[in-house]
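The values are calculated or read from the model by the stated rules, or taken from the named source; none is laboratory data. These numbers were taken from a predicted model, which means no experiment stands behind them. In this analysis, Cβ positions are derived from the backbone assuming ideal geometry, glycine residues included, and neighbour counts consider all displayed protein chains. For accessibility, only protein heavy atoms count, side chains too; no ligands or nucleic acids. Shrake-Rupley method; radii C 1.70, N 1.55, O 1.52, S 1.80 Å.
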Amino acid sequence: MHTKKIVVLGGGFGGLTAALALNKLFKKHKDVELYLINRSKDQVYLTQLHEVAGKRIKPEGVCYPLDIALEETKVELVVDEIKDFDLQNRKLLGEKGEYGFDYLLLACGSEPEFFNIPGMQENSFTLWSYEDAVKIRQHIEEMFEKAKREKDIEKRKELLTFVVGGGGFTGIEMIGELVEWVDELAKKGEVNKEEVSLVVVEALPKILPNLDDSLINISKNYLEKHNVRILTNSPIVKVEEDKVILKSGEEIKTRTLIWTGGVRGSSIASKLGLATGGRGRIVVNEYMETSEKGIYAIGDVAFYTDEKKSVMPALVESAMQSGECAAYNIYADITGKSKKPLKLNLHGNMVSLGDRYCVAQVMGRKLTGFPAKFIKHAADMHYLYLVGGIGFVKEYFKKQFVEKLRDRSFIVDNVSVTTSVFWVAILRIYLGYRWL
């Protein structure tokens, strides 16, 4: 009997979830081989990159080893960067070798969209990879060091103006980190905090458009209270090395633009020649199958619309649920069973505005402050538990609360408690919940 090779490309939450689901379904099938190909040995928790960029956690704090997650499975981890495809011969072409497949599950995510704005790609920082986050962190520290030595007032202002382009989840979480970090940087760099300018530029009429208006207003008020200037209805039309130019004609002098204004499907996937939808994402049906039989796409790289014509959002939950759906349908195709359509069951959104504040909209409830922060940490641990078990949860706890880089404390009922002591109780509650 011909051995079937199933390859999952991408080790994010969607890809890893799919690989684990395939392992469970094909555990006793000796005629099926499973492979997970990823460009690094770690899964990078992309939605926490702002914490690295804002020096809340160590750079390795977003990295979780894939070999640990896969060690008791039949899934073989391959670390390689895929550069091209040979669909006719069913092969992936990587830097280190070629990989044949019978079924391919694309979980290669997305990348920044620059919308053809002149100078944007050349003169902005993106926040879409481990390397991006480290680069932003180093650059911001460098700006404060230069400002410390700069005597010219206008040049100091330019060095100390930090602009985030895009008021979605990533942009607002990034500016929230800067709100807290600049206090520490100003003291360390002997810079007057009043000289620092933080700006959010959003083309739409409001920030965080996927949240309820009441939470949007709470978030906006919180940021403005901490001296963040928020510009809505303000598309960026050009970016130069030392300034951002808005459609209104206003020019913001800065050496730091962090661009979070949009994403598109991975350029790797575009080389396949498959049907694509919005911003280069691959069109899939309700079974997550592309226009090419035997090739599936999930998460950010997939363009899926439900019966109401709603587009699947780029969320961790979407990636994981679409990954499970695609895995089952590959199994169904091989074993002759009926396929099952995707039925998204999304629970909500949580947005951190730094380490001290959060807003959340979960299962119809609106939360702010500590309750929202609690839910966000619980959700993060839940996702990590699903793909990496208790080991990943313990790693998360250590990285978030023990190996802290900024001085932090939580205020609960007017009593200040140190983070690591307080959250160990939360960890115990969470582990008890998982055990039950």
### Task
Determine if region 214-230 includes at least one residue that is within 25 Å of VAL196 (Cβ to Cβ), in a helix (DSSP H, G or I), open to solvent by 50 Å² or more (accessible area, probe 1.4 Å) and among the basic types (Lys, Arg).
yes
### Message
Looking at LEU274, LEU215, LEU208, can you tell me which residue is at positive phi and either in contact with a Ser or Thr (Cβ under 8 Å, 6 or more places away or on another chain) or in contact (Cβ under 8 Å) with a residue 40 or more places away in the chain (or both)?
### Response
LEU208
### Task
Test ARG156 against the criterion of being open to solvent by 30 Å² or more (accessible area, probe 1.4 Å) and modelled with pLDDT under 95, and give yes or no.
no
### Task
From (1) modelled with pLDDT of 95 or more; (2) open to solvent by 50 Å² or more (accessible area, probe 1.4 Å); (3) on the phi < 0 side of the Ramachandran plot, pick out the condition that doesn't hold for GLY336.
(3)
### Task
Any chance you could count how many residues in region 339-357 are more than 15 Å from ILE218 (Cβ to Cβ) and either open to solvent by 50 Å² or more (accessible area, probe 1.4 Å) or modelled with pLDDT of 95 or more (or both)?
9
### Matching strands (runs of 3 or more DSSP E) fully within region 358-436 where at least 2 residues are modelled with pLDDT of 90 or more, closer than 24 Å to GLY176 by Cα and open to solvent by less than 40 Å² (accessible area, probe 1.4 Å)
358-362
### Query
Here is a list of conditions, (1) under 23 Å from the mean Cα position of the chain (by Cα); (2) buried (at least 24 other Cβ atoms within 10 Å of the Cβ); (3) not basic (Lys, Arg), and ILE330 meets all of them except one; can you say which number that is?
(1)
### Message
Being open to solvent by 50 Å² or more (accessible area, probe 1.4 Å), touching a residue at least 60 places away in the same chain (Cβ under 8 Å) and more than 26 Å from GLY262 (Cβ to Cβ) is the requirement here; does GLU145 meet it?
### Response
no
### Task
Would you please name the residue that is farthest from ILE295 (Cα to Cα), looking only at residues in region 89-142 that are polar (S, T, N, Q), open to solvent by less than 30 Å² (accessible area, probe 1.4 Å) and not in a strand (DSSP E or B)?
SER124
### Query
Among the residues of region 176-186, is any in contact with a Gly (Cβ under 9 Å, 6 or more places away or on another chain), open to solvent by less than 10 Å² (accessible area, probe 1.4 Å) and aromatic (Phe, Trp, Tyr)?
yes
### Task
Sort out for me the strands (runs of 3 or more DSSP E) sitting completely within region 40-85 that have 1 or more residues that are within 15 Å of ASP380 (Cα to Cα).
42-44, 63-65
